Structures are given as C-alpha cells and as structure tokens.
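Asks: Below is a structure I'd like to ask you about.
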Amino acid sequence: MILFYVLFCCIKIILSYNYTEHFIDVPIDHFSLSTNVTFKLRYLVVDKNYIKGGPIFFYCGNEADILVFYENTGFLMDIAPIFNALVVFAEHRYYGKSMPFGASSLSSPEKLSYLTTSQALADFVVLIDSLTKEYYKTMISSDTYPVIAFGGSYGGMLAAWLRMKYPHIVLGAIAASAPLLQINNLDICESFYRVVTDAYRRNGNCSYPIKVSWEAIRNITKTPEGKTAVSEVFKLCKPIKNDDDTDRLIDNIADTYVTLAMLNYPYFTEFLTALPANPVKSFCDKLKSFDTVNTSLDLLKAISSALEIGTNFSGTIKCNDFTTPSNANQPTDYAWDFQACFELIMPLCSTEDIMFEFTNWNYENYTKECIKRYGVIPYTPESVLVKHGGKILKYASNIVFSNGLNDPWYTGGILKNISDSVVAILIPDAAHHYDLRGSNPVDSKYVIDARKFHIKQIKKWLNI
C-alpha cells in the first residue's frame with residue numbers, strides 16, 4: 001500500500017524558534033455518553049512572535065510524530081512575525097506520543113476503532129477551544145477568535161474539513177496537497193501513477209527500464225539461484241525465499257520511486273531518508289551512466305545502484321529491508337494503513353502504459369484484505385466525505401486548496417475555484433505541498449507567489 005505520508009522534507013536545520021511541549025486531556029470517544037475516559041493529546045506551541053490579540057496559526061497534525069511537522073513546516077514560522085501569531089502544532093491521535101491506550105493502542109480492532117477523522121477533528125476542536133480561552137479570555141465574543149488552520153496532504157484534508165465542519169472554530173484554512181477527490185474515485189485511480197511515470201519519462205525516458213525491470217525480477221526469482229542473485233543485487237537484509245517476498249520487494253521498490261517523485265524538490269531534503277536535490281533526475285542520471293546492460297540481471301544491478309539515491313544517499317545503510325511487510329514493525333505505518341483501510345479509501349491502479357506493473361483496483365478484494373489484516377470492514381467508501389462536507393464545496397468558505405503540478409496526489413485535489421472564498425492554487429513544477437515548506441533561495445517564482453497568495457487570503461480572513 002502506497003504510504004500517504006505527509007512528506008514535509010527539507011534541509012535539516014536547527015530552528016531558531018523554540019517550542020514548548022504541552023498535553024491536553026481529550027475524550028477517547030467524543031461521541032459517546034457512556035464513557036468519560038480521556039487521554040493526553042500532545043501539542044507544541046511557538047510563542048516567539050505572539051503579541052496579545054494576534055491570531056493562532058493551527059497546524060492539523062497528520063500521520064506521524066508532530067515533531068516531524070514542527071521541524072519541517074517553515075512557512076508558518078516564516079509568516080508568524082507578519083501577523084504576531086501564536087503557532088500551534090497539534091498531534092494526531094494514535095501518532096507520536098498521543099496514544100489513547102498507551103503501548104497497546106494498536107493492538108486490537110476495538111482499540112483502533114477510535115482512530116477516525118471525526119475523532120481527530122473533535123480533538124482539534126477541544127484543543128482550539130482551550131487555547132482561545134487561554135489566549136483570548138478578555139475578548140467579548142468567541143465569534144472573533146482569529147484561528148487559521150493549516151495542513152498538508154492528509155493534514156490538508158483535515159484543515160479543510162475543520163473549517164467546513166466547525167466554521168465557528170477556525171476563520172479559514174490553507175489546505176495544501178489535499179486529495180479530497182481521490183476518495184472512492186475510480187475514475188482517476190490511474191492518475192497518481194501516471195504523474196509519477198511522467199516525472200521519470202521527462203528525465204531521459206528512464207521510465208522504460210523501470211517498466212521492464214518488474215518482469216526481470218519475477219523471471220529471475222523463479223529459481224533458487226535467481227532468488228539468491230536478486231537478493232544480493234538489491235542488498236536485502238532478508239533474502240527472498242518465496243513469491244510473497246518477491247511481491248514485497250517489488251512493492252517497496254515501487255514505493256521508493258513514488259517517494260522520489262513526491263520529494264522531487266530542487267534542494268537537498270531529509271525526512272524518511274536523505275535525498276539530493278532533484279532526486280528523480282539524480283536517479284535517472286545515475287541509471288543512464290550504466291553503458292553496458294547485456295542481461296536482465298545487469299539491468300537490475302543498474303536499477304539497484306541508481307536506487308541508492310533514495311535508499312542510501314547518506315551511505316550509512318548496510319542493507320535494504322525490502323522483504324518485510326511495510327507496516328510490520330512501524331507503528332506509524334500500521335496506524336496509517338489502518339486508516340486507509342477503515343475510512344480513507346483511495347483507489348490506485350496502473351495501466352499498461354504506466355511504468356509500474358499493471359494493477360486493477362477492486363473494492364471487494366480491498367475489503368477482504370482489510371478484514372484479513374485488521375479485522376475490520378471498511379466504511380462505505382464515501383462516508384467520510386458525507387460526514388465532513390462531501391464533494392460539493394459551494395457551501396463552504398474561506399479555504400485555499402493548493403496543489404503542485406509535479407505532485408502525484410494533485411489529480412485528486414481541488415483544481416478549480418469553487419467560489420470567491422473557496423479557491424484553488426496550481427503551482428507549476430512543484431512537488432508535494434512545497435508551499436508549506438520554509439523559504440529557500442532556489443524557490444521558484446510560482447512557489448513564492450503561492451505563498452504570497454496565502455498571506456493575502458489570511459489577511460482578508462483576519463480583516464487586516
């Protein structure tokens with residue numbers, strides 16, 4: 001399963017803004033009258049630029065430890081001085097330190113059943129209500145609380161839904177790379193992989209050797225000797241023993257290609273792994289440097305060497321854990337995969353003209369796999385949209401949907417203005433929620449202009 005990670009990757013910098021860590025008690029179940037059990041939700045506060053009466057910039061945390069977003073979402077820090085804003089990063093339940101049942105939070109379907117978008121949004125509402133009482137206690141009416149929501153990827157979806165569902169809580173939302181229309185949308189299921197393929201095709205058509213490499217892997221691994229050879233070529237921590245291992249190897253390699261495309265920024269980045277500037281080009285350039293490719297195994301050697309751009313750019317990785325299920329030992333991955341099974345169903349498929357293996361998407365098979373893996377039956381595919389505002393956004397207000405046109409997720413985003421106050425920004429040559437990253441000397445004019453537009457809209461919402 002492709003990770004929907006919010007990939008806020010940038011140069012690793014020690015921020016000049018010091019945060020303070022806080023916890024607030026929130027209900028495990030916001031919608032039950034039969035229990036009052038709570039857990040501690042974590043959030044970070046940066047008050048360096050805050051002046052009394054200034055707004056709260058509220059980042060809607062998503063599927064990772066909240067420090068990931070604090071350390072890699074520079075836009076909020078960049079504009080806080082303009083607005084005298086208090087900056088708050090709220091952690092999403094079941095990630096980081098915000099575990100409703102402690103170490104056993106991911107241990108059963110019963111405990112995981114509280115991992116939903118509705119519960120997460122309600123957490124944010126409780127936290128914002130507490131913050132407004134603390135910072136705006138002398139104000140006359142809660143109607144004037146100046147809170148702006150931000151989020152990227154899944155967090156962008158949450159920011160938009162927070163404004164749509166609780167308009168009295170936030171004045172507006174900047175929703176970057178938020179693929180709302182990907183949910184249960186079979187009409188565009190191949191679009192994600194097509195955008196990834198185009199990124200590699202533009203760089204010397206290196207999508208072609210990737211395309212033929214899948215058959216090479218499957219053919220060579222049909223024999224014990226071939227399994228050993230491929231295991232050695234890809235420097236696997238655990239050698240290939242069966243067809244399931246081969247499937248996982250292919251899935252993990254495919255995910256690496258996707259990661260390079262999503263993180264295709266024009267400067268060095270570091271998040272899931274260290275990456276060079278323009279990692280897709282770097283991969284393709286290294287792949288093309290292999291002049292002699294006479295056999296299928298030679299091709300895989302070239303692919304493996306070039307893949308080190310994404311798997312071992314730091315040079316510190318001794319082997320690749322490509323045959324272990326992606327969520328086997330990673331709580332973050334496990335929790336997110338559960339969400340993707342249970343509620344956030346986003347069909348992805350691949351056609352013959354795309355560089356990935358041909359794959360169909362079938363809801364019945366998807367359901368069976370989710371039941372097998374987590375013991376849960378997925379929600380009705382569109383129920384999450386119905387709960388939070390649906391696909392008809394003309395009744396919403398004060399939301400900016402931004403999308404980079406090099407981002408594989410952009411095809412599931414809001415790409416046209418809905419109204420005067422629900423607007424879409426398209427950013428040429430930009431990868432996944434690039435506009436929420438901190439400013440960089442190599443930022444394009446398109447990215448800079450998008451950020452200027454965000455600032456203009458925020459001023460409009462705050463009436464300043």
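Asks: With each pseudo-label sitting 7 Å past Cα toward Cβ, what's the residue 367-residue 298 distance in nm, one decimal?
Replies: Placing both labels 7 Å beyond Cα along the Cβ direction yields 5.0 nm.
Asks: Would you calculate a helix-derived [θ] at 222 nm for the chain, using -39,500 (n - 2.57) for each DSSP H run of n ≥ 4 and dividing by the full residue count, to the nearest 500?
Replies: On the way: 15 runs with 181 residues, N = 464.
Per the formula, -12000 deg cm²/dmol.
Asks: On a 0 to 90° scale, report how tilted helix 331-342 is relative to the longest principal axis of the chain, with both axes built from alpha carbons and the result rounded to the nearest 10.
Replies: On a 0 to 90 degree scale, this one is about 80.
Asks: Mind giving me the nanometre distance, one decimal, between the label points for residue 319 and residue 417, set 7 Å out from Cα along Cα→Cβ?
Replies: Between residue 319 and residue 417, the simple spin-label model gives 5.8 nm.
Asks: What number, in percent, do you get for the relative contact order of region 268-311 if the mean sequence gap of Cα pairs under 8 Å and at least 6 apart is divided by its residue count? Working shown, then result.
Replies: Values: 32 pairs, mean separation 18.8, N = 44.
Reported as a whole number, the value is 43 percent.
Asks: Here's something else I'd like to know. For the chain, calculate the relative contact order in percent as a whole number, restricting contacts to Cα pairs under 8 Å that are 6 or more residues apart.
Replies: 20
Asks: Compute the angle between helix 74-83 and the longest alpha-carbon principal axis of the chain, please, reported from 0 to 90 degrees and rounded to the nearest 10.
Replies: So the inclination is approximately 20 degrees.
Asks: Also, I was wondering about something else. For Rg/Rh (Cα atoms, Kirkwood Rh), one of (1) 1.04; (2) 0.97; (3) 1.00 was computed from the structure I shared and the rest are decoys. Which label?
Replies: Read-out from the structure maps to (2).
Asks: OK, next. Could you tell me how many degrees, from 0 to 90 and to the nearest 10, lie between the Cα long axis of helix 224-233 and the main elongation axis, the longest principal axis, of the Cα atoms of the chain?
Replies: Here the helix axis deviates by roughly 50 degrees.
Asks: Students often forget the sequence filter, so: which lysines lie under 20 Å Cα-Cα from residue 288 once same-chain residues fewer than 8 apart are removed?
Replies: 211, 301
Asks: Over region 202-274, how many percent of alpha carbon pairs lie in each 5 Å bin up to the one with the longest distance?
Replies: Distribution as computed: 3, 13, 22, 20, 16, 13, 8, 3, 0 percent.
Read-outs throughout are calculated quantities, based only on the coordinates presented, and are distinct from any laboratory measurement. These numbers come from a predicted model, not from an experiment. As a convention, Cβ positions derive from the backbone with ideal geometry for all residues, glycine included, and neighbour counts pool all protein chains shown.
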